[in-house]
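Each remark here refers to the structure printed beneath this line.
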Amino acid sequence: MMKLMAMRCRSWLSRGAGLALLLGPLAVVGMLAPLPASARTVPDWLTGLPREDVHVNAWPGGKKVAVIFVLYVEVWGPGHGPNLREDMTSRDPDAVNGAFRQYAIEWGLPRVGRLFQEQDVPLSFALNALFPSSYPEIWPQLRASTPRAPILGHGMNNSTQLLPLTQGIAAQAGYIKRTLDMIQRDTGERPIGWSSPSVYPNADTFSATTAEGIRYTLDGMDSDVLTVLHSPSGPLLQIPYPAVTVDMGHYLTRGLEPVDLERLWIDYVTELAREAEAYPQREATVVAIGIHPFVVGTPSGAAAVRRVLQAVKKLDAVWLTDTRAVFEKLPSQDR
């Protein structure tokens, strides 16, 4: 693998060639282009690899803000996972926290799928590879509600089988391949997108994912615009996934309720839309919002998300979309 990566390194670090290979036919027709020669190319703060912004003047229909909701479909295993009541974790069995997690899987996931189906809003899945076989009745039900939702690889599970970060890039690549193989076997779809389990990548993860055919990632969490990371194994499109928009951390550690997240999400997107109107020459922005059934899969959580979707739909500048559409349907730099 390292020999292969070294051979690729010489060609992939060429900015124009890297982007063309990343996007294939799309680059030929001008659907995505790098910024002009004066564009900023800087070392990425986490990996040290070259990274550059991608020029997007507007999204389809002249929209200026792409909003993506990503539902995390995860396996935690007995005794693992989020805790609603930390004061009860020493109990055996921990009936309260166990029920909290089980409710999210059996009732929360189908509820979120139905909600996005009813609202006719695209949804993306970040899927633990062990989920379909662990919950063979839940996965088909969820998939049936949103059959066009793209699947991103999200590791094996979210507790005991995370990325082998201390074992080198080859071990990570092997883990990623096993994840993608299992998802393809159980869903019929091989992901080209990635989101590291438990939001825990390291510098090697970006090259390891690209070496296994991943074309875009949500592991870049520090931007409002698309960027391309030039790794030794190829260019990797980074779709912004800001930590401040993810529901579970706010809910479990900051004590925010779904109604608080409703205000946060509406304010976040509305402000991006306001900025786009005030500064029309600025780049089109994109935000991926991570949602979890523990938070938005309850009746009160679903009600809050419904109000968010209804509010965001009224914003003329907003394109409600999914990760695959952002990757595949980018407008040209002159549009």
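For the reader, a short list of remarks on this structure follows.
- Beta bridge orientation in the chain: antiparallel %, DSSP, nearest 5: 35
- Across region 51-64, coupling constants 3J(HN,Hα) worked out from phi with the 6.51/-1.76/1.60 Karplus curve, θ = phi - 60°, read 9, 9, 6, 10, 7, 9, 6, 7, 8, x, x, x, 5, 10 Hz, and Gly and Pro carry x.
- What the phi angles of region 169-181 give under the Karplus curve with 6.51, -1.76 and 1.60, with θ = phi - 60°, is a coupling list of 5, 5, 5, 5, 4, x, 5, 5, 4, 4, 4, 5, 4 Hz, glycine and proline written as x.
- Between amide H atoms placed 1.01 Å from N, distances below 5 Å from residue 320 occur with 67, all of them 5 or more places distant or on a separate chain.
- Remark: the residue 243-residue 198 segment gains 15.0 nm on full extension, using 0.36 nm per residue and subtracting the alpha carbon distance.
- Under 5 Å from the amide H of residue 152 lie the amide H atoms of 125, 126, 127, each residue being 5 or more positions distant or on a separate chain, with H modelled from the backbone and absent for Pro and chain starts.
- The Cβ shell under 13 Å around residue 157 holds other residues with a net charge of +1, Lys and Arg each +1, Asp and Glu each -1.
- In this structure the amide hydrogen of residue 75, modeled in the peptide plane, comes within under 5 Å of the amide hydrogens of 128, 158, none closer than 5 places in sequence on its chain.
- For the pair residue 87 and residue 253 in one chain, pulling the backbone fully straight at 0.36 nm per residue adds 58.4 nm over the alpha carbon distance.
- Value of relative contact order over the chain, rounded to a whole percent, pairs C-alpha under 8 Å and six or more apart: 29
- Estimated from helices alone, the mean residue ellipticity of the chain at 222 nm is -12000 deg cm²/dmol (sum of -39500 (n - 2.57) over DSSP H runs with n ≥ 4, per residue).
- Loop-located trypsin sites (Lys or Arg not before Pro) in region 175-268 (DSSP state other than H, G, I, E, B) with a sparse environment of at most 15 neighbouring Cβ atoms within 10 Å: 254.
- Total formal charge among the other residues, if their Cβ is under 13 angstrom from that of residue 290, Lys/Arg +1 and Asp/Glu -1: -3
- Rg/Rh ratio calculated on Cα atoms of region 192-232 (Kirkwood radius): 0.92
- Its relative contact order, with pairs defined as Cα atoms under 8 Å and 6+ residues apart, puts region 172-259 at 23 percent.
- Relative contact order of region 41-101, pairs being alpha-carbon contacts under 8 Å that are 6 or more residues apart, as %: 18
- Point-to-point label distance, residue 160-residue 96, nm (Cα→Cβ direction, 7 Å offset): 2.5
- Whole-Hz couplings from phi, Karplus 6.51/-1.76/1.60, listed for region 302-311; x for Gly and Pro: 5, 4, 5, 5, 4, 5, 5, 4, 5, 5
- Spherically averaged projected area of region 122-238 from its Cα convex hull (nm²): 7.2
- For a paramagnetic label modelled on residue 114 (point 7 Å from Cα along Cα→Cβ), amide N atoms under 17 Å away belong, within region 272-312, to 293-307.
Computed from the coordinates by the stated procedures, all read-outs in this text should not be read as laboratory data. Owing to the predicted nature of the structure, the values given are computational and were not obtained by experimental measurement. Using ideal geometry, Cβ is built from the backbone for each residue, glycine included, and neighbour counts are taken over all protein chains shown.
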